[in-house]
Amino acid sequence: MLTSLRIQNFKAWKDTGPVRLAPLTVIFGANSAGKSSLGHLLLALKQTALSVDRRRALHLGDPNTLIDLGTFTDCLHGHDTNQSLRFKLAWRLPAALEVKDPLQPGTRFKGDELSLDATLSADKNHQPEVAAIRYALSAGKDRLLAAEFQKDADGKYALTSEQYRFVRAQGRKWPLEEPEKFYRISELTRARFQNAGFLNDFALATETLLSRFYYLGPLRDYPRRTYQWAGDTPEDVGQKGEYAIPAILSAQAQQRLLNRGPKKRQQPFAEFIAAWLKDLGIIDSFIVKPVAEGRKEFEVLVRTHPAASEVKITDVGFGVSQVLPALVEAFYCPFNSVVWMEQPEIHLHPQVQSELADVLISAIQAREGGDNRGVQLIVESHSEHLLNRLQLRIAEGLVSPDDVAIYFCKRGGSGTELEPLRVNLYGEIENWPDNFFGDEMAELTARTVAAMKRREAENEDGTC
């Protein structure tokens with residue numbers, strides 16, 4: 001699970017400052033304030049890790065990748081290539097990582113949190129190149145082991161650590177190679193030292209984190225009359241939710257059983273999703289079935305209320321098909337995944353938006369096969385109804401304030417700012433920002449004044 005994030009000189013962000021990320025993190029804010037670009041950078045990091053080109057520091061994308069961010073100049077704050085893009089990720093490891101020094105058998109470091117701090121600069125062709133990679137292994141608040149691979153003023157790389165003594169291999173002191181991508185010390189560079197092998201473990205932990213990062217965009221696919229599924233297992237529902245139905249069928253074939261939290265009843269995956277749709281008040285029943293025996297074409301049939309006939313998903317309100325990918329992604333993604341969602345409430349009635357908060361809470365508490373799924377959700381939203389329900393559930397004690405982080409994204413002087421909202425045990429926001437959801441009191445006052453003036457005018461005209 002990601003525990004913190006900091007981004008500097010990326011698009012609208014001069015500096016986000018340290019951002020605490022909770023199991024459920026919700027970001028509100030004005031349109032075009034820069035909320036989405038935070039998730040877009042993480043997508044770029046993921047596609048870089050997936051790229052076969054080890055020499056590319058940061059894969060900014062093309063029409064066939066997860067995201068296309070344009071050029072490196074496009075990505076830099078103010079398009080200033082004299083600045084460096086810097087980002088720091090910290091995350092809790094699924095299992096503790098132990099580092100042993102082969103040259104000093106008694107020296108070992110064991111931690112459950114890892115951080116990566118990378119700095120990328122523009123080269124002479126305005127392409128990104130790595131200026132520094134900094135890893136740190138921690139246990140709780142204690143920083144145990146840090147290692148830095150950094151380029152000096154002469155363009156030469158050096159590997160250093162305050163807690164660990166790197167020892168050069170015997171023979172000539174060859175210069176160190178540039179890193180592979182933004183996070184990996186090359187195999188040849190590690191071979192220049194007798195005890196730098198653990199740096200590969202750090203790189204593998206980074207790849208594991210990024211491989212389990214998923215993104216659901218704000219624009220989802222239109223519903224279809226039939227869906228194809230030939231027995232494959234989608235990695236996720238896709239950025240537009242295009243694989244939501246194959247994901248349901250795959251989970252059913254694997255006989256996955258989920259519950260909404262500790263001591264809750266286990267249900268087969270499709271039944272589990274259908275129950276949530278019903279609880280949201282969108283439909284009464286939901287089923288995915290083959291068009292005919294032995295066919296790989298499937299149809300989604302829904303019933304809007306108990307007395308209604310079953311109809312295809314294309315023949316009911318648009319909201320069902322738009323919220324379905326969000327539901328499926330939250331519970332289909334692998335254990336210990338990080339899911340970034342944009343506007344899961346889109347096209348939903350205000351009451352359903354409120355109920356959606358319960359789905360998000362359940363997703364971070366859900367269990368599968370008796371084990372905690374450990375899923376983290378980072379949600380961009382414009383819904384005050386969703387926020388109100390979150391506050392209520394915190395006040396009721398159904399979710400801890402420590403498990404929820406809420407931010408307000410606003411435009412500042414030199415760039416966008418991210419303001420953390422302090423939520424107490426009673427669900428109250430102690431630092432409510434100005435015009436968070438508009439100025440409701442000003443609207444009410446203006447409406448009252450306008451009504452009074454209109455009545456006065458009507459009385460003077462004798463129309464009332």
Those residues that are open to solvent by less than 60 Å² (accessible area, probe 1.4 Å) and either β-branched (Val, Ile, Thr) or outside any strand (DSSP E or B) (or both), I need them from the stretch 135-167; list them, please. 140, 155, 161, 164, 166, 167
Matching strands (runs of 3 or more DSSP E) fully within the stretch 1-104 where at least 3 residues are open to solvent by less than 70 Å² (accessible area, probe 1.4 Å), in contact (Cβ under 8 Å) with a residue 12 or more places away in the chain and closer than 30 Å to residue 372 by Cα: 2-10, 24-29, 85-101
Being among the polar types (S, T, N, Q) and assigned to a loop (DSSP other than H, G, I, E, B) is the filter; apply it to the stretch 228-256 and report the residue that is most open to solvent (accessible area, probe 1.4 Å). 255
So, in the stretch 13-36, of the ones that are among the hydrophobic types (A, V, I, L, M, F, W, C) and in contact with a helix residue (DSSP H, G or I) (Cβ under 6 Å, 6 or more places away or on another chain), which residue ends up nearest to residue 72 (Cα to Cα)? 27
Selected residue (criterion: modelled with the lowest pLDDT) from residues of the stretch 422-455 that are surrounded by 12 or more Cβ atoms within 10 Å (Cβ to Cβ) and not in a loop (DSSP other than H, G, I, E, B): 436
Quick one: how many residues across the stretch 197-227 are among the hydrophobic types (A, V, I, L, M, F, W, C), open to solvent by 50 Å² or more (accessible area, probe 1.4 Å) and either in a loop (DSSP other than H, G, I, E, B) or more than 25 Å from residue 101 (Cα to Cα) (or both)? 1
Return a yes/no flag: does the stretch 175-189 have any residue that is within 21 Å of residue 132 (Cβ to Cβ), crowded, with 17+ Cβ neighbours inside 10 Å, within 17 Å of the chain's Cα centre (by Cα) and at pLDDT 95 or above. no
On the given criteria, is residue 43 within 24 Å of residue 218 (Cα to Cα) and in contact with a helix residue (DSSP H, G or I) (Cβ under 9 Å, 6 or more places away or on another chain)? no
Restricting to the stretch 105-120, name every residue that is under 24 Å from residue 141 (Cα atoms) and open to solvent by 40 Å² or more (accessible area, probe 1.4 Å). 106, 108, 110, 112, 113
Name the residues in the stretch 285-327 that are farther than 24 Å from residue 359 by Cβ and of a type in the set (S, T, N, Q), would you? 309
Residues that are within 29 Å of residue 18 (Cα to Cα), modelled with pLDDT of 70 or more and open to solvent by 90 Å² or more (accessible area, probe 1.4 Å): does the stretch 403-421 have at least one? yes
Taking the options 164, 157, name whichever one is of a type in the set (Phe, Trp, Tyr) and closer than 21 Å to residue 53 by Cα. 157
The stretch 371-383 residues that are among the basic types (Lys, Arg), paired with ones that are open to solvent by 10 Å² or more (accessible area, probe 1.4 Å) and part of a loop (DSSP other than H, G, I, E, B) (beta carbon under 8 Å, 6 or more apart): 373/335; 373/336
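The values are calculated or read from the model by the stated rules, or taken from the named source; none is laboratory data. Fair warning: this is a prediction, and the values are worked out from it, not measured in the lab. Methodologically, a virtual Cβ is constructed for each residue, glycine included, from the backbone with ideal geometry; neighbour enumeration extends over all protein chains shown. Just so you know, the surface numbers come from the protein's heavy atoms only, side chains and all, with ligands and any DNA or RNA stripped out. Shrake-Rupley method; radii C 1.70, N 1.55, O 1.52, S 1.80 Å.
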